[in-house]
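Just so it is clear, none of the values below were taken in a lab; they were calculated from the coordinates. Here the structure is a predicted model, which is why all the values come from computation and not from measurement. Cβ: placed from backbone, ideal geometry, glycine included. Neighbour counts: every protein chain shown.
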Amino acid sequence: MSEVVWIARHGHRQDYADLGWRKQAERPHDPGLSAPGVVEAQDLAQGLQSEPIEHIVASPFLRTVVTAAHTATAVSLPIHLETGLGEHMSSKLFKSRPEPLPIEEIADRFPQVDRHYQSQIMPSFPETEEEALDRAAQVIQQLVKTFSGPLLIVTHELIGKGTVWGLVDQRIPVRFPTCGLTKLVHEQGEWKMAFTGETSHLSRPRHPIPEIWNYLLRQIVHR
């Protein structure tokens with residue numbers, strides 16, 4: 001069983017830096033990272049390089065895979081892609097189920113990806129926010145049992161919250177700025193949060209977007 005879990009949100013999204021990108025994109029629901037997002041992912045990798053991480057599990061969407069790939073290279077570990085850590089399957093954000101690239105295609109692009117890992121949970125579509133949080137809780141509870149040694153999770157903001165709340169025995173406040181880190185430690189039979197929203201490893205930490213502006217931005221980019 002894993003006794004330490006690191007949870008990171010992906011880097012800054014390509015479509016948040018270029019609002020016109022979606023109109024030209026073949027896969028508008030699956031953006032990669034913006035140029036600042038790549039820097040964030042590099043900073044995250046450097047910040048985690050000295051940590052005794054033994055496993056990396058990431059959402060299969062491009063922005064999380066790219067983020068995880070930098071750390072995977074830095075610590076010489078494979079990436080296990082878990083659909084249960086994927087984006088919130090919201091009918092308000094997506095007209096149909098947002099599908100990541102096929103595993104073989106992702107692994108061709110990112111050799112760090114483990115081609116043989118089998119996901120533990122497949123999200124349903126659509127799902128409410130509460131269902132997404134419950135799904136994240138279920139998958140993290142399974143992952144800490146499956147893996148031993150320190151575990152790094154790379155996922156999305158809402159799912160990051162669900163993973164924390166799935167282990168800690170209450171819905172404590174958590175923060176997930178892009179490439180921010182939250183650390184959970186299992187001590188004396190219970191999970192405790194060491195810190196959340198840590199960005200000291202980032203060379204240019206981004207200011208959190210107020211919730212109302214975050215909501216409005218999502219309405220624009222997901223149309």
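If you average the C-alpha positions of the stretch 110-138 and of the stretch 148-176 separately, how far apart do those two centres end up, in angstrom?
Measuring centre to centre over Cα atoms gives 14 Å.
Test of understanding: in a Gaussian network model of the chain with alpha carbons linked when under 10 Å, which of Gln120, Gln138, Gln24 would top the mean-square fluctuation ranking?
Gln24
Nearest 10 degrees is fine. How inclined is helix 62-75 to the longest principal axis of the chain, computing both from alpha carbons?
So the inclination is approximately 40 degrees.
Residue farthest toward the positive end of the dipole of the stretch 4-221, with Cβ of Lys/Arg at +1 and Asp/Glu at -1: which of Pro78, Leu133, Ser200?
Value: Ser200.
What ranking do Arg97, Arg22 get, fewest neighbouring Cβ atoms within 10 angstrom at the top?
Working: Arg97 12, Arg22 17.
Ascending number of Cβ neighbours within 10 Å: Arg97, Arg22.
So, by mean Cβ neighbours within 10 angstrom, what's the order for 169-175, 30-36, 74-80 with the highest one leading?
Values: 169-175: 11.6, 30-36: 19.7, 74-80: 17.9.
Going from most to least packed, we get 30-36, 74-80, 169-175.
Using Cα-Cα distances under 8 Å and only pairs 6 or more residues apart, what relative contact order does the stretch 4-221 have, in percent? Intermediate results must be reported in sequence, preceding the final value.
Working: 418 pairs, mean separation 59.2, N = 218.
Once divided by the residue count of the stretch 4-221, the mean separation gives 27 percent.
Compute the helix-to-body angle for 157-167: its Cα long axis versus the longest principal axis of the chain, expressed 0 to 90° and rounded to tens.
Compared with the principal axis, the helix lies near 20 degrees.
Using the basic label-point model (7 angstrom from Cα toward the beta carbon), what is the Asp114 to Lys145 distance in nanometres?
My value for the distance between the label points is 1.7 nm.
Checking the cross-link filter: which aspartates and glutamates have an alpha carbon closer than 16 Å to that of Lys183, excluding same-chain neighbours under 8 positions apart?
Filter leaves Glu3, Glu51, Glu54, Glu157, Asp169, Glu198.
For helix 211-221, what angle does its Cα long axis make with the longest principal axis of the chain, in degrees from 0 to 90 and rounded to 10?
Compared with the principal axis, the helix lies near 50 degrees.
³J(HN,Hα) across the stretch 199-205 via Karplus (A = 6.51, B = -1.76, C = 1.60, θ = phi - 60°), whole Hz, x for Gly/Pro?
Listing the rounded values in order: 10, 5, 7, 8, 6, 9, x Hz.
R0 = 25 Å: FRET efficiency of Phe195 with Thr73, Cβ-based, nearest 0.05? Present the calculation step by step, with values, prior to reporting the outcome.
Values: r = 25 Å, r/R0 = 1.00.
Between Phe195 and Thr73 the formula returns 0.50.
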